[in-house]
Amino acid sequence: MKVHVYEKFWMWLSGGLIVAFVAAIVSTSVVQAVQPPSHIETIDPTTIRTDPRFSTPGVTTAADGSQQVVVVSQMFAFVPMEIRVTAGRPVTFRLTSTDVLHGFQIVRSNANSMVVPGYVSQFTVTFDEPGEYLIVCNEFCGLGHHIMQGKLIVEEAGGGV
Amino acid sequence: MTNRYRLSLAHFTVAVLAFFGGACMAVMQALSRANLPLPLRSAKIYYLSMTAHGVLMALVFTTFFIMGLGYVFARTTLGHDRVNERVGWVSFWIALGGTLLTAGAILSGSSTVLYTFYPPLQAHPTFYIGAALLVVGSWVWCWIMIQSYRSWRREHADEAIPLAMHGMLATVIVWILATVGIAIEVVVMLIPWSLGITRTIDPVLARTFFWWFGHPLVYFWLLPAYAVWYAVLPHVAGGKLFSDRLARVVFVLFILFSTPVGLHHQFSDPGISASWKLVHTFATFTILFPSLLTAFTIIASLEVAGRMRGGKGLFGWIGSLPWGNPLVSCVILAMVTFAVGGWGGAINAAYGMNAMVHNTAWVQGHFHLTVGTASALTFMGTSYWLLPRLTGRALFFKPAAQVQPYLWVIGMVLFGIVNHVTGLMGMPRRIYDPSYAGSLVAAGWAEWTTISAVGGVIVFVSAMMYVLVMVGTVLWGDRVEAPAIEYARPLEPEEPLPSVWDRVGMWTVVAAALVVIAYAYPILSLISMERFGSPGFKPF
């Protein structure tokens with residue numbers, strides 16, 4: 001098969017570029033554990049309010065300072081609407097839905113996950129910047145989709161914003 | 001004498017009508033997103049029209065256009081009597097019937113589930129049944145394409161497949177592999193559930209089948225465009241195809257790697273392991289390769305054309321290309337836009353970076369530059385080239401056809417870039433009102449959405465010019481002797497010989513094996529878990 005010399009050059013360049021992209025992805029996922037939220041856990045969407053995992057949504061802080069936030073998503077609100085966490089310490093979010101698909105996105109952060117009825121989404125984020133963050137639903141969930149929002153307040157360690 | 005292209009023209013008519021409907025919905029949405037006070041503006045109409053826009057543009061316009069183009073390619077490259085016209089009409093009416101059922105369900109307000117129709121949002125059963133019929137119609141078309149090719153092959157055993165048809169066969173195979181996923185989702189899961197035969201549905205399993213289909217769908221849109229870039233553009237531009245062989249390599253790579261990639265749309269889904277998402281990421285990046293090859297071959301072919309037309313110097317050939325020819329300008333602009341959109345796609349597919357852009361306005365910015373420009377603008381250029389050849393009428397109001405592609409790109413770039421930017425700023429996609437109860441962050445998006453609305457209006461004007469030229473040509477175009485439909489010759493003087501890259505049957509088997517490898521384990525592990533299904537919801 002005859003291939004023009006410039007074209008050969010281009011093919012090697014393209015191949016090299018793709019290898020570089022994939023290498024960047026693999027190395028960050030292995031070395032820095034950069035991975036998309038991929039928690040595997042199921043739950044009955046009809047008994048969320050009585051299920052001990054989700055019956056008391058809100059923030060709990062463990063002895064080591066790590067925080068867990070349990071959020072129930074439903075048309076068209078997040079429960080709780082306002083979340084307070086401490087800056088600089090890992091926050092593990094646990095989410096599920098009582099009805100349709102929702103999205104849970106904390107604007108200006110890496111927190112962005114689908115919320116699916118029947119499943120529990122879980123991921124961990126650390127917020128270094130204190131302040132107020134907007135939480136939006138980013139998966140179409142009905143006519144009130146655009147009003148489904150929440151608030152995250154990141155407080156400086158030691159109290160106060 | 002009846003027109004031998006009646007079947008294709010019927011398909012193009014449906015495509016242009018769907019495009020017209022989709023464009024009217026689109027301008028309404030662009031203005032609404034900018035929070036402009038419009039009469040009748042409401043969330044209900046916004047989300048309904050968004051469903052209609054997605055279905056009409058992404059599924060109806062594209063599918064009918066591609067089927068019509070397939071018949072033209074098959075007739076002109078394989079021979080007019082090889083296409084089974086009668087079965088073709090059966091396919092047409094099934095697909096059209098399905099389209100009308102689905103469109104009716106959407107317009108009645110009972111099926112505002114958007115064109116991704118993720119359960120447990122539940123549409124009216126006719127929405128799903130209509131969509132299934134559209135796919136069944138397209139399968140009959142696939143059968144006709146394959147039969148036409150096999151009949152030609154029996155008498156031309158020692159010839160390479162005509163290149164345009166090679167690209168169309170790749171399209172057909174990608175479509176067959178892809179639609180297995182959607183058929184399982186719609187027929188096994190959604191239709192029984194919407195009829196009340198089954199009570200609940202697993203949303204993650206449904207999404208997995210959807211994206212088995214949803215990503216190769218984009219190559220179903222792209223491959224016919226590539227076939228035009230390779231097999232038509234160099235000739236119309238006045239030159240030759242730089243490399244016939246590499247074009248075939250490109251089409252085969254798409255057959256192989258279009259489908260085992262869908263999990264990159266489910267990066268942030270629970271229930272699917274990160275390692276399988278990573279496997280699909282590899283296949284996704286592999287498929288950048290044939291597009292990079294295409295960029296080289298097409299630009300090299302354009303350089304050949306520019307020089308054959310007398311262009312001199314390092315860049316002089318660019319100026320001597322026929323920029324006033326609407327096919328040439330459409331394709332070049334489509335390619336340049338695709339270069340930008342493609343990089344955005346690599347970011348979407350980047351396992352780690354996806355969380356920055358998932359379900360934000362970035363996504364609609366991305367696909368309006370790719371399918372909305374790379375494919376759609378190529379299809380418009382193709383129709384300017386084809387219509388006089390199919391109808392024996394000169395283009396009506398040709399200046400509109402010459403200006404329209406430039407307007408399209410200006411509008412789409414405004415719309416697309418703004419949505420990329422607001423997406424990075426965190427604005428979600430698919431929202432009726434971006435103000436979020438006076439949130440300060442959201443206020444920062446507002447000035448940008450106004451620019452995207454301006455872009456949307458420019459695209460709409462361009463879309464109406466296209467529709468005007470199409471309708472005008474058929475009804476009032478001057479009668480001329482139909483120019484011949486001719487394809488690009490390769491630059492190498494010798495005829496292309498059949499090679500391993502022409503063995504589409506063999507590549508199809510390999511591709512099917514790759515689909516099994518990519519999906520067997522993720523689907524088996526999903527269905528072997530203890531899962532709790534969801535009943536349907538209709539919050540619209």
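Could you work out how far helix A:5-31 tilts from the main Cα principal axis of chain A, as a 0 to 90 degree angle to the nearest 10?
Tilt of helix A:5-31: around 30 degrees.
What does the charge add up to near residue B:419, with Lys and Arg as +1, Asp and Glu as -1, over the other residues with Cβ less than 10 Å from its Cβ?
Details: positive: B:33, B:429; negative: none.
Here the count lands on +2.
Over the protein assembly as shown, give the accessible area per residue in Å² for a 1.4 Å probe, as an integer.
Details: 25990 Å² over 701 residues.
On a per-residue basis, the protein assembly as shown sits at 37 Å².
Summarise the accessible area of the protein assembly as shown (1.4 Å probe, protein heavy atoms) by the percent that is carbon and sulfur.
Here it works out to 67 percent.
How tilted is helix B:6-33 with respect to the longest principal axis of chain B? Cα atoms for both, answer in degrees (0 to 90, nearest 10).
Helix B:6-33 sits roughly 40 degrees off the main axis of chain B.
With n ≥ 4 as the cut-off for DSSP H runs, can you work out [θ] at 222 nm for the protein assembly as shown, using -39500 (n - 2.57) per run divided by the number of residues, rounded to the nearest 500? Mind dumping the intermediate values first?
Working: 21 runs with 391 residues, N = 701.
The helix-only estimate for the protein assembly as shown comes to -19000 deg cm²/dmol at 222 nm.
Could you work out the mean projected area of the convex hull around the alpha carbons of the protein assembly as shown, in square nanometres to one decimal?
Numbers: hull surface 124.0 nm².
Result: 31.0 nm².
Could you compute the net charge surrounding residue B:489? Neighbours are other residues with a C-beta less than 10 Å from the C-beta of residue B:489; K and R count +1, D and E count -1. Can you show the working numbers first?
Details: positive: B:240; negative: B:244, B:486, B:492, B:495.
Result for the neighbourhood of residue B:489: -3.
Where the only charges are on Cβ atoms (+1 Lys, Arg; -1 Asp, Glu), what is the dipole of the protein assembly as shown about its Cα centre, to the nearest 20 debye?
So the dipole magnitude of the protein assembly as shown works out to roughly 1280 debye.
Leaving out ligands, DNA and RNA but keeping every protein chain, what accessible area does residue B:538 have, in Å² rounded to the nearest 10, with a 1.4 Å probe?
Ignoring ligands and nucleic acids, residue B:538 comes out at about 120 Å².
Work through the residues other than residue B:304 whose Cβ is under 15 Å from its Cβ and net out their charges, Lys, Arg +1 and Asp, Glu -1. Kindly include the intermediate steps, with their values, before the conclusion.
Details: positive: B:240, B:307, B:309, B:312, B:489; negative: A:7, B:244, B:303, B:492.
Counting the neighbours of residue B:304, the net charge comes to +1.
Partner chain Cβ atoms within 10 Å, averaged over the residues of B:352-358 - can you pull that number for me?
Numbers: counts 11, 6, 2, 12, 3, 1, 9.
Going residue by residue through B:352-358 and averaging, the value is 6.
Can you tell me the dipole magnitude for region B:356-502 around its Cα centre, using point charges on the Cβ only (Lys, Arg +1; Asp, Glu -1), in Debye to the nearest 20?
Result for region B:356-502 is approximately 500 debye, rounded to the nearest 20.
Given a 1.4 Å probe and the protein chains all in place, what does the accessible area of residue B:244 round to, in Å² to the nearest 10?
Roll a 1.4 Å probe over it and residue B:244 shows about 10 Å².
Return the lysines within reach of residue B:538: Cα separation strictly under 28 angstrom, same-chain partners fewer than 8 residues apart disregarded; answer none if there are no such residues.
Within the straight-line limit of under 28 Å, residue B:538 reaches these lysines: A:151, B:44.
Say R0 is 56 Å: what FRET efficiency, to the nearest 0.05, do residue B:523 and residue B:494 get from their beta-carbon distance? Each step should come with its number before you reach the end.
Numbers: r = 47 Å, r/R0 = 0.84.
Plugging the Cβ-Cβ distance into 1/(1 + (r/R0)^6) gives 0.75.
So, by mean Cβ neighbours within 10 angstrom, what's the order for B:421-430, A:66-75 with the highest one leading?
Working: B:421-430: 22.6, A:66-75: 20.1.
Per-residue Cβ counts within 10 Å, averaged per peptide and sorted highest first, yield B:421-430, A:66-75.
What is the spin-label model distance, in nm, from residue A:2 to residue A:61 if the labels are put 7 Å beyond Cα along the C-beta direction?
Result for the modelled spin labels: 7.5 nm.
Quick check on region B:246-335: what does the Kirkwood estimate of hydrodynamic radius come out to from the alpha carbon pairs, in Å? Walk me through the intermediate numbers first.
Details: mean 1/r = 0.0635 Å⁻¹.
Taking the inverse mean of 1/r over all distinct Cα pairs, region B:246-335 comes out at 15.8 Å.
With +1 on the Cβ of every Lys and Arg and -1 on the Cβ of every Asp and Glu, and nothing else charged, how large is the dipole of chain B about its Cα centre, in debye rounded to the nearest 20? Show your work: numbers first, answer last.
Working: 30 positive and 20 negative charges, 109 e Å.
It comes to approximately 520 debye.
Set Lys and Arg Cβ to +1 and Asp and Glu Cβ to -1, take the dipole of chain B about its Cα centre, and tell me which of B:420, B:80, B:114 lies farthest positive.
B:114
Which lysines have a Cα lying under 25 Å from the Cα of residue B:312, excluding residues fewer than 8 positions away in the same chain?
List returned: A:8, B:240.
Roughly what would the spin-label model give for residue A:92 and residue B:299, points 7 Å off Cα along C-beta, in nm?
Going from the residue A:92 label point to the residue B:299 one covers 4.9 nm.
Find how many whole Å separate the alpha carbon centroid of region B:128-176 from the alpha carbon centroid of region B:415-486.
What the calculation gives is 32 Å, centre to centre.
Report the accessible surface area buried between chains B and A, summing both sides, using a 1.4 Å probe on protein heavy atoms only, in Å² rounded to the nearest 100. Don't skip to the answer; put the middle values down first.
Details: alone 21340 and 10170 Å², together 25990 Å².
Roughly 5500 Å².
Starting from the residue with the highest accessible area, list B:146, B:255 in decreasing order, probe 1.4 Å.
Descending accessible area places them as B:146, B:255.
Average the reciprocal distances over every distinct pair of alpha-carbons in region A:45-155, invert the result, and give the Kirkwood radius in Å.
Values: mean 1/r = 0.0719 Å⁻¹.
Every distinct Cα pair counted, the radius reaches 13.9 Å.
Any idea how far the Cα center of region B:243-320 sits from the one of region A:51-109, in Å?
Centre-to-centre distance over Cα atoms comes out at 41 Å.
Using DSSP, restrict attention to beta bridges with both residues in the protein assembly as shown and report what percent are antiparallel, rounded to the nearest 5.
65 percent
The values are calculated or read from the model by the stated rules, or taken from the named source; none is laboratory data. Note that this is a predicted model, so its numbers are computed, not measured. Glycine also receives a Cβ, built like all others from the backbone with ideal geometry; neighbour counts cover every protein chain displayed. Just the protein is used for accessible areas: all its heavy atoms, side chains included, with ligands, DNA and RNA removed. Shrake-Rupley method; radii C 1.70, N 1.55, O 1.52, S 1.80 Å.
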